[in-house]
Amino acid sequence: MNDEDFMRKAIKKTIQGIKKGQTPFGACIVKKGKVIVCEHNVVWKTTDSTAHAEVNAIRQACKKLKTIDLSGCVIYSTTEPCPMCYSAIHWARIKRIVFGASIADAKKAGFNELQISNKIMKKLGKDKIKIESGLLKEECVELFSLWKKHKGKAY
């Protein structure tokens, strides 16, 4: 499997979340080429503003691997992680972030995003996380349109 395969798993998980009335965000954590977990956003389901896809994936990966240290892992996110999620990724010691849509794309779709890019956070924090943006961007941006069309969506 390669980066595109892992991102497509995150996209598939996002679509599952949209069908359940959740917002269009998904994340997949991979270690040594194997999927550890894929999660979607469950903010509305749990009434928990921190239940973003990336945070959910980190929580589940830590449980599955029985550690809070996710060194050697890669996180694939359909949208650039927000500052909260970036911080969680940093604290979990995930070595690489790969995302599709940008924070600006999410803002354009109507989400209440802080427009602080991962690259700026990396620079300010003198972080060593590798960041790769724009993987399958069009497919990831399309998730916002799919969400807007879905009748059972949460706002």
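The values are calculated or read from the model by the stated rules, or taken from the named source; none is laboratory data. What you are looking at is a predicted structure, and each value in this text was computed from that prediction instead of being measured. Backbone-built Cβ (ideal geometry, glycine too); neighbour counts: all protein chains shown. Side chains are part of the model used for accessible areas, which takes the heavy atoms of the whole protein and leaves out ligands, DNA and RNA. Shrake-Rupley method; radii C 1.70, N 1.55, O 1.52, S 1.80 Å.
Can you tell me which residues in the stretch 20-45 are over 22 Å from Leu146 (Cα atoms) and among the β-branched types (Val, Ile, Thr)? Across the stretch 20-45, the qualifying residues are Ile29, Val30, Val35, Ile36, Val37.
Restricting the stretch 65-103 to residues that are farther than 18 Å from Thr23 by Cα and touching a Cys at 6+ places or on another chain (Cβ under 6 Å), the residue that is surrounded by the most Cβ atoms within 10 Å (Cβ to Cβ) is Ile94.
Among the helices (runs of 4 or more DSSP H) confined to the stretch 38-153, the ones with at least 2 residues that are more than 24 Å from Met1 (Cα to Cα) are located at 43-46, 83-91, 103-108, 118-125, 137-149.
Against the definition (free of Cβ contacts under 8 Å to residues at least 24 places away in the same chain, exposed (fewer than 13 other Cβ atoms within 10 Å of the Cβ) and farther than 19 Å from Lys13 by Cβ), how does Lys126 come out, yes or no? Judged against the criteria, Lys126 is a match. Of the set (1) part of a loop (DSSP other than H, G, I, E, B); (2) modelled with pLDDT of 95 or more; (3) of a type outside the set (D, E, K, R), all apply to Gly21 but (2). Taking the condition over 18 Å from Pro24 (Cα atoms) and touching a Ser or Thr at 6+ places or on another chain (Cβ under 7 Å), does Lys64 pass? No: the conditions fail for Lys64. The test for being among the polar types (S, T, N, Q), over 16 Å from Ile129 (Cβ atoms), touching a strand residue (DSSP E or B) at 6+ places or on another chain (Cβ under 7 Å) and assigned to a strand (DSSP E or B) does not hold for Thr14. Applying the criterion of being among the aromatic types (Phe, Trp, Tyr) and touching a strand residue (DSSP E or B) at 6+ places or on another chain (Cβ under 6 Å) to the residues of the stretch 42-99, the residue that is nearest to Val141 (Cα to Cα) is Phe99. When Glu142, Glu132 are screened for being at pLDDT 95 or above, out of contact with any strand residue (DSSP E or B) (no Cβ under 8 Å at 6 or more places or on another chain) and open to solvent by 60 Å² or more (accessible area, probe 1.4 Å), only Glu142 passes.
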